[in-house]
Amino acid sequence: MAPAPSPAPLFHKACSNSYIRLDTELCLRILESIPKVVSAKDLQSLAIAIIEAGISNSTNTRTHIEATLNGKALDDCKYAHDGVIDQFSAALQDVKIHLYDYPSLALLEGSSDHVKLCDASLAKQKVGEDDVISRGNKAVPIFGLSACGIVEELEDLYKVAPPPYDY
């Protein structure tokens with residue numbers, strides 16, 4: 001009799017959320033390169049590890065942006081990654097204290113609105129392709145949306161029923 005297949009690592013759940021469309025292959029490749037994400041033992045530690053990796057990604061991308069860009073593209077991309085860092089940091093603080101309703105919104109906003117500004121500015125200013133900025137910008141939604149899916153699951157697990165309505 002063949003042994004039963006081992007279950008998929010917990011972080012695979014972050015890349016296969018049914019209500020958020022992610023490039024699953026890219027998501028798995030990014031997340032499996034982060035030891036803290038791979039070693040997460042529960043949803044709480046997984047969400048924290050993914051959000052922290054997202055903050056690190058935007059911090060490193062922002063540092064590279066400051067060293068390589070100038071003018072409007074520099075200002076827009078710094079602003080964009082500052083926004084991602086702010087949104088992800090706010091979400092992280094709430095997740096750490098088991099508050100799950102606000103982080104979803106912060107992660108969604110940080111995942112989409114901010115890097116679009118950077119990408120648009122790079123295109124408008126005709127800045128040549130920069131692999132570091134491109135990879136950093138593409139990773140933002142992976143971190144934000146995968147973490148959002150896990151936070152949503154945590155929110156569903158820990159929802160507290162409202163008190164009964166007293167007539």
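Annotations for the structure displayed:
- Selection count, region 131-144, where residues are open to solvent by 30 Å² or more (accessible area, probe 1.4 Å) and under 11 Å from the mean Cα position of the chain (by Cα): 2
- On inspection, A90 qualifies as aliphatic (A, V, I, L, M), surrounded by fewer than 23 Cβ atoms within 10 Å (Cβ to Cβ) and either part of a helix (DSSP H, G or I) or out of contact with any Phe, Trp or Tyr (no Cβ under 8 Å at 6 or more places or on another chain) (or both).
- Given (1) in contact with a helix residue (DSSP H, G or I) (Cβ under 7 Å, 6 or more places away or on another chain); (2) in a helix (DSSP H, G or I), index of the condition A40 fails: (2)
- Pairs where the first residue, in region 49-78, is more than 16 Å from I142 (Cα to Cα) and the second is polar (S, T, N, Q) and open to solvent by 60 Å² or more (accessible area, probe 1.4 Å), C-beta under 8 Å, 6+ apart: G71/Q125; K72/Q125; A73/Q125
- Pick from region 22-48, criterion more than 22 Å from D94 (Cα to Cα) and in contact (Cβ under 8 Å) with a residue 60 or more places away in the chain, ranking: least open to solvent (accessible area, probe 1.4 Å): C27
- Tally, over region 95-114, of residues that are within 15 Å of E153 (Cβ to Cβ), open to solvent by less than 70 Å² (accessible area, probe 1.4 Å), assigned to a helix (DSSP H, G or I) and not aliphatic (A, V, I, L, M): 2
One line per residue, one yes/no per condition, for (1) touching a Ser or Thr at 6+ places or on another chain (Cβ under 8 Å); (2) charged (D, E, K, R); (3) not in a helix (DSSP H, G or I):
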| residue | (1), (2), (3) |
| --- | --- |
| Y79 | no, no, no |
| K116 | no, yes, no |
| K126 | no, yes, yes |
| L154 | no, no, no |
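Every residue, every condition in (1) among the β-branched types (V, I, T); (2) touching a residue at least 24 places away in the same chain (Cβ under 8 Å); (3) farther than 17 Å from C27 by Cβ, yes or no:
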residue	(1), (2), (3)
I97	yes, no, yes
D113	no, yes, yes
E129	no, no, yes
K138	no, yes, no
I142	yes, yes, no
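- Among (1) in contact with a His (Cβ under 9 Å, 6 or more places away or on another chain); (2) closer than 25 Å to G128 by Cα - the single one Q44 does not satisfy: (2)
The values are calculated or read from the model by the stated rules, or taken from the named source; none is laboratory data. Values in this document were obtained by computation on a predicted structure and should not be read as measured data. Methodologically, a virtual Cβ is constructed for each residue, glycine included, from the backbone with ideal geometry; neighbour enumeration extends over all protein chains shown. Just so you know, the surface numbers come from the protein's heavy atoms only, side chains and all, with ligands and any DNA or RNA stripped out. Shrake-Rupley method; radii C 1.70, N 1.55, O 1.52, S 1.80 Å.
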